[in-house]
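A.B. asks: Sharing a structure below in structure tokens format, with a few things to ask.
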Amino acid sequence: MTRKTVTCTINGKRREFSIDVRSSLSEMLRGEASLDSIKHGCDVGECGACTVLIDGRPFNSCIYLAVWAEGKEILTLEGLTDTKGTISDIQQAFMDEGAVQCGFCTPGFIMSSIPIITSDTPASREEIRKQVSGNLCRCTGYENIVNAIEKTQKKRIEERKGSGKK
Amino acid sequence: MEIIGTALNRVDARDKVTGMAKYTGDLVGPHALIAKVLHSTFANGLVTSFDLSEAWKVPGVVDIVTCFDVPDIQFPTAGHPWSTDKKHQDIADRKLLNTRVRFYGDDIAAVVAENEIAATEAVRKIKVSYEEYQPLLTIEAAMQAGAGAIHDERPGNVVVRSSYEIGSFEDAIKEPGLIRIEGDYETPIVQHCHIEKALSFAYMEAGKIVIVSATQIPHIIRRICSQALGIGFGDLRIIKPYIGGGFGNRQDALTEPLNAFLTMRVGGRPVKLEYTREETFCCTRVRHAMKFHIVSYVRADGTFAARSIVAYSNQGAYASHAHALVANAVNGFRMMYPQGAIKSEAYTVYTNLPTAGAMRAYGIPQIGFALESHVDDIARATGLDTIDLRTRNMMKLGYVDPPTSITCHSTGLAECIQKGEAYLKYRQKREAYAAQTGLVRKGVGMAIFCYKTGVYPISLETSACRMVLNQDGSLQLQMGATEIGQGADTVFAMMAAETLGMTMDKIHVMSRQDTDTTPYDTGAYASRQTYVSGMAVKKTAESLKSKILDFAAFMLNKEAWDLDIKDNQIVRKNMGTPLISVAEVAVESCYSLTNSTHIAAEESHHCSDNTYAFGVCFAEIEVDIPMCQIKVLDIINVHDSGRLINRQTAEGQVHGGMSMGLGYGLYEYLKFDPKTGRMLNDNLLDYKLMTAMDTPELNAAFVETDDPTGPYGNKALGEPPVIPVAPALRNALLNATGVAVNSIPLNPEKLFFAFERAGILS
Ligand code: FES
Ligand code: FES
């Protein structure tokens, strides 16, 4: 068993792990960093439950080797709650819109929605559906998930307009 | 009512959006051993020996057990309440590991190792010798004269045959002027596909086996494990954390009994047994495939004079819930349209396919597809209006089902139909779409259903609840009933708050069940929790409230009957001015030097009633004939589930059910190699689960009735939304093309052959 040291930034903090080179990023994040929001629904890139952002882009962490994370910036669901426990607007929207049922797909969905809500170009419902189609949910029929993402996206665009930022 | 009927966020929503909610896999310690199961690679046969020498050589292997090492005990796995009557007990037809192999994927050996890689490798290195028999993969093959018995106890492979007759079918069909309509309908094997895989972990503590499991039914799992291992109920403790969906798959013992055995084998060290997605598909449970032959005799005015049904249900390898499913289906056939003479014959048949068990709506999506397709076939044959035909014959208020005595205590079905019709402009469109000729055509369809809320009088219905008051005037609410994503915890908290006169923030739901401490409840199945367990909440809240008021009366030197609780305050009845807060009562009750008492309440409810929920789906589709493809343009489900407890979660249940119904109607089926019986699409890529892109906008609407038997006027909601979708789509296809497709899913492959036969593919 070959081990290797991986240094990366996780939720804003620089971290170093000695890992089995065969481990996936999801295994490293759950096992070494105790980030249990990362869920495994398939382990082979089919369900999206393990989605995290790597340098701002959503990836299925179950099929991303931990060693590839060297020097990368990783954001998990845990990173959306600030140190005082205040949650982000997208998390609040998932609560308010009833986008959560069993909750097992929720972390992955929220992470997949971040590029949509941070983009300056508004996405139609159709486009939102397309962008989260790598995340599977058996409970909600997606309706309220799309609602939560759409509302947060609109709200953020408004806010950016209001504050004069681009 | 102030809280019941509002739209509130779930009590577990925050934990779930922050990643704090703990599921089974999050509770396994870092030093747990890992178990992997060796599954058979043949569907029908007998294991004769193993060669374990290579497997033992894998570093990290701790234990290997085979089907020759397990207790010689056959046990049942169905998550039914146990029956003390032998005749009603579930069929005990499997062992922890099986020498007699009955499907491709049967459990024959298991490895426990220090890590996953070692366990997987050792499983791969086990060599198996076996005798193989001809696999019996269809009902026809299994029932053929001379077919070998899959279980020795059932030569002929019929698990159960049942029949009933209401009135005389033979006499009824003698009436002159009847129109005879006949049809065959078929539904496929599909899977629940909860996103969390099947798993548990087990260890020993204080002389007990503790199993932490993603289950819907902790108390029943304890009973099944005790039977499977031949040990006492008290020797087992089951803990159920949050689970990533259930849909009925986890109303069955899955990994738990074997895992309990494995931890015993390794001296009680923690063992995690987590199935892969492939194993979750193949080695847990599936929905029964069913075939129906329906004959109807209809009068010119559209009333049903006589109907008959013959149903076959594919049980697969082991009995699990067995005949209960198809029995529910043929009962549904009777209840939906209780007109004229009705005759039924139903068979549940063992085959060498994966085991079928409970799945959302328990046999009713199957009969719903057959029956509602058939009703449109009747409309077509008679020229009658599809809605008139249904309203004329459907169940009415006051109906008492002859064999079960289940009574229609409330119905808003007619209003549901009106509401859905008005939304879609169904009649108008149906006429407009009737005579299209192009390559792309539109169609509208509808289907109705009725659904029994609980399982009375077939099975025991019992539930218990406990409430413990804290010194700050808040309370712990503890249920035996389980949260499985459907929102049970939230509606229980709402019920408690409503009945106690307290606000939601004062109710702390203890979501996790632990059979050592949790009050008894049979678990999450049927659509029983708000109806059956909800009554336990109500009774317990009433009991707790009277204890609080008694103590308040003592403190205030007043009469308890004159007091009430409103917004966490003790008030004079009908006056509302706060006298003292519940928190003050709680503190005094706890620390009084003269009269301290622990204010808590526990009540159980034995339910001996049942009631029907109703609903309808209306759908509009576009059919691309050359591409053999259906696109859903608009869809609405309208439900009568009595009074709604929480509008937000109610709507969510409808959306989820509609999505599952769309998958059932359009895409999903499990495919098997016709030679070996191996499952071919046991993963989330090849099995067509609905994605956000495949899903149209879903419309959920309600007609609220006030059911006199529900604790808050409520009735079934969790399962029903899946039922009417597939037949509504099929009937829309019929409207669009004139082609009646009598089996689902309505995928391009199926449509191609149907359109070709109908000669519309040009
Ligand atoms: S667990 Fe990573 S995509 Fe399913
Ligand atoms: S909420 Fe259960 S899978 Fe999405």
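The values are calculated or read from the model by the stated rules, or taken from the named source; none is laboratory data. Note that the structure is predicted; figures quoted are calculated from it, not measured. Ideal geometry is used to build each Cβ from the backbone, glycine not excepted, and the neighbour counts take in all protein chains shown. Surface areas here come from the heavy atoms of the whole protein model, side chains and all, with no ligands, DNA or RNA. Shrake-Rupley method; radii C 1.70, N 1.55, O 1.52, S 1.80 Å.
A.B. asks: Provide the per-residue ³J(HN,Hα) series for the stretch B:24-38, in order, calculated from phi with Karplus coefficients 6.51, -1.76, 1.60 and θ = phi - 60°, each as a whole number of Hz, with x at glycine and proline positions.
C.D. replies: 3, x, 7, 9, 6, x, x, 9, 5, 6, 10, 10, 9, 9, 8
A.B. asks: Over the Cα atoms of the stretch B:263-398, what Rg and Dmax result, in angstrom?
C.D. replies: 20.0, 73
A.B. asks: At what distance in nm do the modelled label points of residue B:163 and residue B:27 sit from each other, each positioned 7 Å from its Cα along Cα→Cβ?
C.D. replies: 4.9 nm
A.B. asks: Explain nothing, just compute: Karplus ³J(HN,Hα) = 6.51 cos²θ - 1.76 cosθ + 1.60, θ = phi - 60°, for every residue of the stretch A:25-38 in order, whole Hz, x for Gly and Pro.
C.D. replies: 4, 4, 5, 5, 5, 6, x, 8, 9, 6, 8, 7, 5, 6
A.B. asks: In addition: Among B:125-132, A:92-99, B:361-368, how do they line up from the highest to the lowest mean number of other beta-carbon atoms within 10 Å?
C.D. replies: The most tightly packed comes first, giving B:361-368, A:92-99, B:125-132.
A.B. asks: Considering only DSSP beta bridges with both partners in the stretch A:3-79, what is the antiparallel share in %, to the nearest 5?
C.D. replies: Around 90 percent antiparallel, to the nearest 5.
A.B. asks: Right, another one. Can you pull the mean other chain C-beta count within 10 Å for peptide B:273-280?
C.D. replies: 2
A.B. asks: Using the Cα gyration tensor of the stretch B:462-606, with a ≥ b ≥ c the square roots of its eigenvalues, what is the shape: rounded (a/c below 1.5), prolate (a/b larger than b/c) or oblate (neither)?
C.D. replies: prolate
A.B. asks: If you build the Cα gyration tensor of the stretch A:89-163 and take the root of 5 times each eigenvalue, what three semi-axes come out, in whole angstrom, biggest first?
C.D. replies: Working through the eigenvalues yields semi-axes of 21, 13, 10 Å.
A.B. asks: Right, next: What does the structure give for B:656-662 when I average, per residue, the other chain Cβ atoms found within 10 Å of the residue Cβ?
C.D. replies: Whole-number average of other-chain Cβ neighbours for B:656-662 is 4.
A.B. asks: Let me make sure I get this right: for the stretch A:3-79, a, b and c are the square roots of the gyration tensor eigenvalues over alpha carbons, sorted descending. Under 1.5 in a/c it's rounded, otherwise prolate if a/b > b/c, else oblate. Which is it?
C.D. replies: Oblate.
A.B. asks: Using the per-residue mean of other Cβ atoms lying within 10 Å as a proxy for protection, in what order, highest first, do the peptides B:229-241, B:486-498 fall?
C.D. replies: B:486-498, B:229-241
A.B. asks: Any lysines with Cα under 18 Å of the residue B:57 Cα? List them, leaving off those in the same chain fewer than 8 positions away.
C.D. replies: B:36, B:125, B:127
A.B. asks: Report the Cα centroid-to-centroid distance between the stretch B:100-175 and the stretch B:334-398 in angstrom, as an integer.
C.D. replies: 27 Å
A.B. asks: Then there is this: Please report the net charge: other residues with Cβ closer than 15 Å to the Cβ of residue B:604, K and R +1, D and E -1.
C.D. replies: That works out to -1.
A.B. asks: How high is the relative contact order of the stretch B:462-606, in percent, with contacts defined as C-alpha pairs under 8 Å that are six or more residues apart?
C.D. replies: 34 percent
A.B. asks: Once you average over the residues of B:674-686, how many Cβ atoms of partner chains fall within 10 Å of each Cβ?
C.D. replies: Mean shielding count: 1.
A.B. asks: Let me know the whole percent of all Cα-Cα pairs from the stretch B:360-413 that are separated by more than 18 Å.
C.D. replies: Here the tail beyond 18 Å accounts for 50 percent of pairs.
A.B. asks: Kindly provide log₁₀ I(q)/I(0) values, in the same order as q = 0.24 Å⁻¹, from the Debye equation applied to equal alpha-carbon scatterers of the stretch B:126-192.
C.D. replies: At q = 0.24 Å⁻¹ the computed log10 ratios are -1.12.
A.B. asks: Between residue B:647 and residue B:397, what FRET efficiency follows from the Cβ-Cβ distance if R0 is 22 Å, with the result rounded to 0.05?
C.D. replies: 0.35
A.B. asks: When the Karplus curve 6.51 cos²θ - 1.76 cosθ + 1.60 is applied with θ = phi - 60°, which whole-Hz ³J(HN,Hα) does each residue of the stretch A:61-71 get, with x for Gly and Pro?
C.D. replies: Per-residue couplings from phi come out as 6, 6, 10, 10, 5, 4, 5, 5, 6, 3, x Hz.
A.B. asks: So how much accessible area does residue B:581 have, in Å² to the nearest 10, using a 1.4 Å probe?
C.D. replies: The value for residue B:581 is about 20 Å².
A.B. asks: If I take every Cα pair under 8 Å that is 6 or more residues apart in the stretch A:3-79, average their sequence separation and divide by the length, what percent do I get for the relative contact order?
C.D. replies: 40 percent
A.B. asks: Amide H to amide H, which residues 5 or more places from residue A:138 or on other chains are under 5 Å from it, using H placed in the peptide plane?
C.D. replies: B:195
A.B. asks: What does the net charge come to around residue B:730 if you take all other residues with beta carbon closer than 9 Å to its beta carbon, with K and R at +1 and D and E at -1?
C.D. replies: After counting each charged neighbour, the total is -2.
A.B. asks: Here is a further query. Over chain B, one equal point on each Cα, no solvent: what is log10 I(q)/I(0) by the Debye formula at q = 0.06, 0.09, 0.12 Å⁻¹?
C.D. replies: Reported log10 I(q)/I(0), two decimals: -0.39, -0.85, -1.37.
A.B. asks: Compute the separation of the alpha-carbon centres of the stretch A:40-69 and the stretch B:232-288 and state it in Å as a whole number.
C.D. replies: 26 Å
A.B. asks: Between the stretch B:2-61 and the stretch B:533-568, how many Å separate their Cα centres?
C.D. replies: With the stretch B:2-61 and the stretch B:533-568 each reduced to a Cα centre, they are spaced 43 Å.
A.B. asks: With runs of 4+ DSSP H residues as the only contributors, calculate the mean residue ellipticity of chain B at 222 nm using -39,500 (n - 2.57) per run, divided by the residue total and rounded to the nearest 500.
C.D. replies: It lands at -8500 deg cm²/dmol.
A.B. asks: In addition: Any idea what % of Cα-Cα pairs in the protein assembly as shown are farther than 44 Å?
C.D. replies: Of all Cα-Cα distances in the protein assembly as shown, 32 percent exceed 44 Å.
A.B. asks: Sticking with this structure for a sec: Provide the gained length on full extension for the span residue B:53 to residue B:562, in nm with one decimal, where the gain is 0.36 nm per separating residue minus the Cα-Cα distance.
C.D. replies: So the extension gain works out to 175.4 nm.
A.B. asks: Which of the peptides B:444-450, B:400-406 is most tightly packed, and how do the rest follow, going by the mean number of other Cβ atoms within 10 Å of each residue?
C.D. replies: The most tightly packed comes first, giving B:444-450, B:400-406.
A.B. asks: Assuming a ≥ b ≥ c are the square roots of the Cα gyration tensor eigenvalues, decide whether the stretch A:40-141 counts as rounded (a/c under 1.5), prolate (otherwise, with a/b larger than b/c) or oblate.
C.D. replies: Cα axes put the stretch A:40-141 in the rounded bin.
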